[in-house]
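Some notes on the structure that comes next.
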Amino acid sequence: MPLFGWTDADVYQVADRAHQLYLQGRYREASILFEGLVAVDPESRYCGNALAGCLMSLGDASRAVQVLNRLLARYSDDLEGRVRRCEALLQLGRVGEAAADLQTLRQRNARSHVQRLELRMEAARSGLLPAS
């Protein structure tokens, strides 16, 4: 439920604009809008995940992990958030923590994500993933 007198329709309208900015590669502007939306609607899984995605596109994996930690504390079953956090942790070289997320994804049968993340995990362990 949005705060500060915002309606779901208000949140949707701003989120749609932020998504369009993201698709245009305007990650800074999109992240500013999504950050505001997370403040207005802290329970929104979409806005939290979208903000984290923008932050990762801006090369700020550390801040993305913070956003995703808050999201996953509230919604531990959020697969998109767990996948994105695993990717951010790998970018940061925090392979052990990423492995824990990967194990959770395996247990939840997120096969398409698991295969891709296993390759990224191997690349990280081999030092082939670029640092953020």
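Below are the figures for this structure:
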item	result
Debye, to nearest 20: dipole size of the chain, +1 on Lys, Arg Cβ, -1 on Asp, Glu Cβ	460 debye
Reference-scaled alpha-carbon Rg (2.2 N^0.38 Å with N residues) for segment 77-132	1.01
Given charges at beta-carbon only (K, R positive; D, E negative), |dipole| of segment 77-132 in Debye	100 debye
Taking only Cα atoms of the chain, radius of gyration then Dmax in Å	15.2, 50
Dipole of the chain [Lys/Arg +1, Asp/Glu -1 at C-beta], most positive-end residue of LEU23, LEU117, VAL67	LEU117
Vicinal HN-Hα couplings computed from phi for segment 39-48 (Karplus, 6.51 cos²θ - 1.76 cosθ + 1.60; Hz; Gly/Pro x)	5, 6, 9, x, 8, 6, 5, 4, 5, x
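FYI, it's all coordinate maths here, none of it is from the lab. Computed from a predicted structure; not experimentally measured. Every residue, glycine among them, receives a Cβ derived from its backbone with ideal geometry; neighbour counts consider all protein chains shown.
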